[in-house]
Amino acid sequence: MEILHDVSIEVQEGEFVSVVGPSGSGKSTLLYCLAGLEPVSSGSVSLVGTDIASLSRSQIARLRRDQVGFVFQSYNLLPSLSVRENVEMQARLAGRRVPRGEIDASLQSVGLESFGNARPASLSGGQQQRTAIARALVARPRVLFADEPTGALDAVAGTEVIGLLRQTVTDERAVVMVTHDPEAAARTDRVLVMRDGRVHREMVRPSARDVFRAVEHAA
């Protein structure tokens, strides 16, 4: 079954791009294809300058491990590990030893410097999501993908998480986020509105009301 149709987009370093649209519009599928988590049946995907169609599955996995960060709505933290160990995990899987000071700096950047020894179950939803962001950043990704990162959070925690994602954008890093929240999308540089597997509309720094109306029109 074909889900995406005639989609052509480019995300530059230093950009924070959000993808919005009604349920079933293809926004999460687009994110997974861009991140190399889902194969495409036609066309091509260039991830940090590499055409992933030319790579084997193991090569794609290494590229994601070394160049890509991913933040899931469900956090995907290991309950048996401490916050510090969860943050360190992705870098360890990449075979990179992370100095303790680097872990501490990552935790401090997300406001969790005093929670390093805590277990995920003792944290709030917002703190767990911030842990997941710190884990993604320790791997030093060129591009950070976030799939509904505020979907399970209350308004205050969600605002904090979007602020953290905004701060992670640098001249050498882009962030691409799927969200259902017009307020969150309005804090990004560019908004792609999906409809029936196509990019229905592109908006630059719109207001939350503009995003809401665009999604409503795409439904």
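Remarks
- Taking 0.36 nm per residue of separation and subtracting the Cα-Cα distance, full extension of the segment from residue 217 to residue 166 would add 15.7 nm.
- Region 90-125 versus region 1-75: alpha-carbon centroid distance in Å: 26 Å
- Taking every DSSP helix (H) stretch of at least 4 residues in the chain, weighting each as -39,500 (n - 2.57) and dividing the sum by the residue count yields a mean residue ellipticity at 222 nm of -11500 deg cm²/dmol.
- Ordering 8, 149, 125 by Cα displacement along the dipole of the chain toward the positive end leaves 125 in first place; charges were set at the Cβ atoms of Lys, Arg (+1) and Asp, Glu (-1).
- Span per principal axis, largest first, for the Cα atoms of region 52-111 (Å): 40, 26, 21
- Residue by residue, region 64-69 carries 3J(HN,Hα) couplings of 5, 4, 8, 10, 10, x Hz when phi is fed to the Karplus relation 6.51 cos²θ - 1.76 cosθ + 1.60 (θ = phi - 60°); x denotes Gly or Pro.
- Residue-count net charge about residue 73 - beta-carbon cut-off 10 Å; Lys, Arg +1, Asp, Glu -1: -2
- For the chain, a simple Cβ point-charge model (Lys and Arg +1, Asp and Glu -1, everything else neutral) yields a dipole of about 540 debye relative to the Cα centre.
- Among residues other than residue 163 with Cβ under 11 Å from its Cβ, the summed charge is +2 (Lys and Arg +1, Asp and Glu -1).
- Ranking 106, 46, 204 by Cα position along the charge dipole of the chain, where only Lys, Arg, Asp and Glu carry charges on their C-beta atoms, puts 106 farthest toward the positive end.
- Taking amide H as placed 1.01 Å from N in the peptide plane, the amide H of residue 16 sits under 5 Å from that of 175, 189, 190, each at least 5 places away or on another chain.
- Antiparallel DSSP beta bridges within the chain, as percent of all bridges there, nearest 5: 35 percent
- Each peptide in 25-33, 154-162 receives the mean, over its residues, of other Cβ atoms within 10 Å, and ordering these scores from highest gives 25-33, 154-162.
- Sorting 56-68, 37-49 by their mean Cβ neighbour count within 10 Å, with the most densely packed peptide first, gives 56-68, 37-49.
- Label sites at residue 6 and residue 51, each approximated as a point 7 angstrom past Cα along Cα to Cβ, lie 2.3 nm apart.
- Per-peptide packing, taken as the mean over residues of other Cβ atoms within 10 Å, places 133-139, 18-24 in the sequence 133-139, 18-24 from highest down.
- Remark: region 89-166 carries a charge dipole of roughly 480 debye about the Cα centre, counting +1 on each Lys and Arg Cβ and -1 on each Asp and Glu Cβ.
- Counted over region 127-219, the DSSP beta bridges are approximately 60% antiparallel.
- Phi-based couplings in Hz for region 103-111 (Karplus 6.51, -1.76, 1.60; Gly and Pro marked x): 5, 4, 5, 5, 5, 5, 5, 10, x
- HN-Hα J in Hz across region 23-36 - Karplus 6.51, -1.76, 1.60, θ = phi - 60°, x for Gly and Pro: 4, x, 7, x, 5, 5, 4, 4, 4, 5, 5, 5, 7, x
Readers should treat all values here as calculations from the given coordinates under stated rules, not as data from a laboratory. Every value quoted in this text rests on a predicted model; they were computed, and no experiment measured them. With ideal geometry, Cβ positions are generated from the backbone for all residues, glycine too; neighbour counts draw on all protein chains shown.
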